[in-house]
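Notes follow once the structure below has been shown.
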Ligand SMILES: [Zn+2]
């Protein structure tokens, strides 16, 4: 089995060139290696460093501003990545539907939603004639410590239309191990895809980590053991900010006051620290509490460290893959907004957990033998109540206003068509009722076009609506499309895109009275952190345009593994390192 390896030419301890496996055969003292390094052969330190583990790290909903503003006080893993890695500070998602499922699969496949097919967290499946959750699969079921639970938690990667990096690595070398862990099913499965390995996510209904029969009929003993003990270990947990920071410390890093307008209360727990739950709370209540506080991030980190030890990740020359997605930033960000005390604390805690994780990797795998890519699956709109005093025209559209828009649209459409065709909410837009179209003898494509025109006319009276496109209009966008049209094209999948896509103006939250959301094509939802870390990646801040679709091409370049036959949409950023 040819070993995928990274070969580095060293000058002292600084990697000065990054060449692939093919060049490695030439040896460190070869004329080419010397030419790349630009130093005499006698000064070349011969040992090559072989990469043994790739880490794919997602922080759900983390915007790049978080790293920049918190950097002075980040002393753990996040700080290490930001200060020592290659940071793409202008990274953005190049597609319209900025949702968790789409973001994780773009990260793991190097492809855009229009290619990998996971256009959002859910979609209207035209073939099935129903709404489908992005990782649902009715043929499989969840697996707990006690074994498979028939008919429950049916999740698999069957809706992914492109291979993930784990699959690509295992196709090259079946001995490569893959581990993927998150609090969210769509994150853990979205990153692993059809890789053979350990894929775990949090069971909100009972607490503990689960997998799917798609991956395995059982979970490892050490995971069962962890599941048996988490509840007792965490009873009495009170969520308070770590680090004894003063008001001034928080002000210096742009963290807003704790109690502020627009925050959505945690389930019955208010909007200010401390957050706690009854000591004798049920397992289900504790499972939820863990998901809604940074406890779940700690659990994911604990399991990741345990998996490194138990699965012997990075222990030999078969390069392994560890995927980890931390969800607390998103769960809490939706309730409190990105500049809240709560999210600030989530990130300080994550910084600490990642510090421990990276220490474990240094110890077990070797400091030069693991490489990492950090990104997020999407950004977030700060709370409108936070933005308005700062001069941004952000606002919430009340539910009544939203219903009025839809009601007027249906009425006008009926006038135009001469028959009643109601709209239904579909993920990412509206769909038109197929039965009603059929009964009225209407051609779906023509009806969609008429509906888009009517919807645009009605939208003139609702200034928070920016524009409306029909399915056919988006389908017609080609490679020359630019701006919003290009973003919509990149989120288009013929079987999974709604009949009408309604795009609201920037800084508008529709139908949400408290907290905030993402999912729009606007910049604040598309901005993501993108950092590469490891011996091959110089300490650098780059303003080169990039996105999470570039991660897989870059890592495959590093590994010397060719792209899959189905192709990639991203580019290898390693060419300019
Ligand atoms: Zn997300």
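Here is how the numbers come out for the structure above:
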quantity	calculated
Any hit, region 134-153, residues being assigned by TED's automatic domain parsing to the domain that holds residue 291 and within 16 Å of the ligand (Cβ to nearest atom)	yes
Single residue of 413, 417 found to be outside the structural domain of residue 66 (by TED's automatic domain parsing), away from the ligand (no atom under 16 Å from the Cβ), crowded, with 20+ Cβ neighbours inside 10 Å and over 30 Å from residue 261 (Cα atoms)	413
Residue check, residue 389 free of Cβ contacts under 8 Å to residues at least 12 places away in the same chain and away from the ligand (no atom under 16 Å from the Cβ)	yes
Long-range neighbours under 9 Å by Cβ, at least six apart or interchain, first residue modelled with pLDDT of 95 or more within region 504-523, second in a strand (DSSP E or B) and within 16 Å of the ligand (Cβ to nearest atom)	523/92
Region 126-159: number of residues that are part of a loop (DSSP other than H, G, I, E, B), touching a helix residue (DSSP H, G or I) at 6+ places or on another chain (Cβ under 6 Å) and modelled with pLDDT of 95 or more	3
Pick from region 71-101, criterion within 24 Å of residue 479 (Cβ to Cβ) and within 16 Å of the ligand (Cβ to nearest atom), ranking: surrounded by the fewest Cβ atoms within 10 Å (Cβ to Cβ)	92
Any hit, region 319-341, residues being in contact (Cβ under 8 Å) with a residue 12 or more places away in the chain, part of a loop (DSSP other than H, G, I, E, B), touching a strand residue (DSSP E or B) at 6+ places or on another chain (Cβ under 7 Å) and over 19 Å from residue 82 (Cα atoms)	yes
Any hit, region 348-355, residues being in the same structural domain as residue 199 (by TED's automatic domain parsing), part of a loop (DSSP other than H, G, I, E, B) and either out of contact with any strand residue (DSSP E or B) (no Cβ under 6 Å at 6 or more places or on another chain) or within 16 Å of the ligand (Cβ to nearest atom) (or both)	no
Qualifying helices (runs of 4 or more DSSP H) (wholly inside region 426-503; at least 3 residues being under 28 Å from residue 394 (Cβ atoms) and more than 26 Å from the chain's Cα centre (by Cα))	444-459
Options 341, 369: the member that is away from the ligand (no atom under 16 Å from the Cβ) and either under 26 Å from residue 63 (Cβ atoms) or not assigned by TED's automatic domain parsing to the domain that holds residue 118 (or both)	341
Residue match in region 434-452 (condition: touching a helix residue (DSSP H, G or I) at 6+ places or on another chain (Cβ under 8 Å) and over 29 Å from residue 117 (Cα atoms))	yes
Residue check, residue 550 more than 16 Å from the ligand (Cβ to nearest atom), part of a helix (DSSP H, G or I) and either over 22 Å from the mean Cα position of the chain (by Cα) or crowded, with 21+ Cβ neighbours inside 10 Å (or both)	yes
Answer residue from region 102-125, given it is in a loop (DSSP other than H, G, I, E, B) and within 16 Å of the ligand (Cβ to nearest atom) and is surrounded by the fewest Cβ atoms within 10 Å (Cβ to Cβ) among those	121
Residue 168 vs. criteria assigned to a helix (DSSP H, G or I) and away from the ligand (no atom under 16 Å from the Cβ)	yes
Filtered residues of region 171-219 (kept if in a loop (DSSP other than H, G, I, E, B), away from the ligand (no atom under 16 Å from the Cβ) and in contact with a helix residue (DSSP H, G or I) (Cβ under 7 Å, 6 or more places away or on another chain))	176, 193, 194, 195, 196, 203, 205, 206, 207, 208
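The values are calculated or read from the model by the stated rules, or taken from the named source; none is laboratory data. All figures in this text were calculated on a predicted structure; none of them were measured in a lab. Cβ sites come from the backbone with ideal geometry, for glycine too, and all protein chains shown count toward neighbours.
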